[in-house]
Amino acid sequence: MELFSKYGREFSKNLYISSLLDFKTQMTPGYNYPNDSLIISDFMSPAYLYLAAGIDYKPFDFLTAFISPITGKFTFVYNQSLANNGAFGVEPAIYDEHGNLLKKGKNSRSEIGGYIRLAFDKEILTNVTLKSKIDLFSNYLYKPQNIDIDWELLISMKINKYITVSISTRLIYDDDVMIEIDSNNDGIVDKKGPRIQFKEIFGIGFSYKFDKKRVSVD
């Protein structure tokens with residue numbers, strides 16, 4: 001689920017002073033396959049909120065580039081079990097030497113940095129549309145050289161008036177999200193670290209338009 005809003009005022013040709021709000025989360029729990037009892041994500045766990053102000057450049061109708069030197073990025077993890085584990089970069093819980101909970105994990109994390117958003121939407125061939133969006137964020141206060149990436153790509157192809165085929169991909173890299181790593185595939189987690197996450201979806205859509213027939217009444 002994504003809520004996106006952007007407002008701008010033109011001050012020069014193709015240039016706008018703009019503000020941006022972008023909120024993202026998921027609606028249903030995510031599980032660690034094949035163990036479907038272990039929740040690794042949930043509604044509002046995580047949720048991401050970007051608040052930014054900057055310059056929006058629109059050289060063409062199908063291309064925009066938003067650049068913000070000052071952006072607030074807020075991460076929310078309301079599932080306390082995930083927050084206690086320090087999931088998605090929040091501060092983890094503190095335990096004593098016997099495993100007793102001393103302090104709960106934090107449910108939010110705030111960052112300030114630079115942000116770039118590029119968006120492309122164009123029919124590149126007859127009945128073939130390409131949509132691409134990439135978000136780049138650099139935390140000024142912690143490892144600014146490690147840039148967070150969220151890149152979505154969608155190709156839609158209209159085969160005929162009934163069938164549409166689509167291919168979508170999403171690539172995510174967040175330096176604050178620690179992924180469990182099993183180096184030798186023995187079922188035991190050896191370490192944790194940031195990793196590239198990639199998703200690909202292939203879809204086929206079918207549509208049919210029913211004609212409206214007029215009925216005359218004498």
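None of the figures in this text is laboratory data; all of them are computed from the coordinates on show. Computed from a predicted model, the values in this text were never measured in an experiment. Virtual Cβ from ideal backbone geometry, glycine too; neighbours counted across all protein chains shown.
One residue is enough: does region 200-207 have a residue meeting the conditions assigned to a loop (DSSP other than H, G, I, E, B) and closer than 25 Å to F120 by Cα?
no
For a quick check of your reading of the model, give me the residue pairs whose first member lies in region 177-188 and is among the small types (G, A, S), whose second is part of a loop (DSSP other than H, G, I, E, B), with beta-carbon atoms closer than 7 Å and at least 6 apart or on different chains.
S183/D190
Pick from region 91-114 the residues that are assigned to a strand (DSSP E or B) and basic (K, R): which of them is nearest to Q80 (Cα to Cα)?
So, considering only residues that are assigned to a strand (DSSP E or B) and basic (K, R), the one nearest to Q80 (Cα to Cα) is K103.
List the strands (runs of 3 or more DSSP E) that sit entirely inside region 11-85 and contain at least 3 residues that are among the hydrophobic types (A, V, I, L, M, F, W, C) and under 26 Å from R109 (Cα atoms).
15-24, 35-41, 47-60, 63-76
May I ask you to list the residues in region 81-133 that are hydroxyl-bearing (S, T, Y) and closer than 30 Å to N160 by Cβ?
Matches in region 81-133: T126, T129, S132.
Do you know which of the residues in region 141-165 that are among the hydroxyl-bearing types (S, T, Y) and exposed (fewer than 15 other Cβ atoms within 10 Å of the Cβ) is nearest to S110 (Cα to Cα)?
Y142
Looking at (1) surrounded by fewer than 12 Cβ atoms within 10 Å (Cβ to Cβ); (2) of a type outside the set (G, A, S); (3) part of a strand (DSSP E or B), which one does E180 not meet, given that it meets all the others?
Of (1) surrounded by fewer than 12 Cβ atoms within 10 Å (Cβ to Cβ); (2) of a type outside the set (G, A, S); (3) part of a strand (DSSP E or B), only one is false for E180: (1).
Would you mind telling me which numbered condition in (1) closer than 23 Å to K143 by Cα; (2) in a strand (DSSP E or B); (3) small (G, A, S) S5 fails?
(1)
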